[in-house]
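Step one of this worksheet: look at the structure below.
The values are calculated or read from the model by the stated rules, or taken from the named source; none is laboratory data. Keep in mind it's a predicted model, so treat the numbers as computed, not measured. Cβ sites come from the backbone with ideal geometry, for glycine too, and all protein chains shown count toward neighbours.
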Amino acid sequence: MINKKWRQEGIGEPFLLESVLEVAFKYHRAKAHRMGFLSALIGNASEVDASILEKEFSELLIDGEQIQNAYKLFRDLIVFTNFRLFLVNKQGITGKKREYTCVPYKSIDYFTKETAGHFDLDAEIKIWIKSRSEPITLEFRKDSHIHDVFRVLSFYTLSS
């Protein structure tokens, strides 16, 4: 079934020696406009509708605080509110255990973006917080959403 779909997409037969991720990456590149499970599996960020996260964040947000933008990176979330940045690390097999890191925009000293290259498919955003010596690192695969995340981070950090 899968091989038939791949042949229809012009990808060809997967080699037996290729890993599942390599095959998934080939499939993703053939269908770059789709942001689904395979895209998340290989590390691409996808935008999340803020209304979907309202229930999960209802106990975390203060009066007047609203979710403005959110991005999903495999299981983890990057959530921008009008006051702060949330980094949600889903842990364990089921992802029910979660660590919420809250960073007020005024606590961000500076941040950098490292884009992907031809052979190095990883891209990163590093955020330095005033009270930490090591940056918070957000890893992406080569995709356009790193630019969106960087732009939103720039907007809120420079506006605070």
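Does Leu85 meet the test of being part of a strand (DSSP E or B), in contact with a strand residue (DSSP E or B) (Cβ under 8 Å, 6 or more places away or on another chain), of a type in the set (A, V, I, L, M) and under 21 Å from Ser51 (Cα atoms)? Step through it out loud before you land on a result.
Details: part of a strand (DSSP E or B): yes; in contact with a strand residue (DSSP E or B) (Cβ under 8 Å, 6 or more places away or on another chain): yes; of a type in the set (A, V, I, L, M): yes; under 21 Å from Ser51 (Cα atoms): yes.
It is true that Leu85 is part of a strand (DSSP E or B), in contact with a strand residue (DSSP E or B) (Cβ under 8 Å, 6 or more places away or on another chain), of a type in the set (A, V, I, L, M) and under 21 Å from Ser51 (Cα atoms).
Which of the residues that make up segment 53-81 are touching a residue at least 60 places away in the same chain (Cβ under 8 Å) and in contact with a Phe, Trp or Tyr (Cβ under 8 Å, 6 or more places away or on another chain)? Quick ask: steps written out before the conclusion?
We begin by selecting, within segment 53-81, every residue touching a residue at least 60 places away in the same chain (Cβ under 8 Å); these are 68-69, 71, 73, 78, 80.
Within segment 53-81, Gln68, Asn69, Leu73, Ile78, Phe80 qualify.
For segment 93-144, give me each residue that is of a type in the set (Phe, Trp, Tyr), in contact with a helix residue (DSSP H, G or I) (Cβ under 8 Å, 6 or more places away or on another chain) and in a strand (DSSP E or B).
Step one: filter segment 93-144 for residues of a type in the set (Phe, Trp, Tyr), giving 100, 105, 110-111, 119, 128, 140.
This time we only want the ones that are in contact with a helix residue (DSSP H, G or I) (Cβ under 8 Å, 6 or more places away or on another chain), so: 105, 111, 140.
Hits for segment 93-144 are Phe111, Phe140.
Within segment 37-75, work out how many residues are at pLDDT below 90, polar (S, T, N, Q) and surrounded by 13 or more Cβ atoms within 10 Å (Cβ to Cβ).
The qualifying residues number 3.
Within segment 93-119, take every residue that is of a type in the set (A, V, I, L, M) and over 17 Å from the mean Cα position of the chain (by Cα) and give me the one that is surrounded by the fewest Cβ atoms within 10 Å (Cβ to Cβ). Walk me through it before giving the result.
Taking segment 93-119 as the starting set, the residues that turn out to be of a type in the set (A, V, I, L, M) are 93, 103, 108, 116.
Filter again for over 17 Å from the mean Cα position of the chain (by Cα), leaving 93, 108.
Numbers: Ile93: 6, Ile108: 20.
Taking the candidates together, the pick is Ile93.
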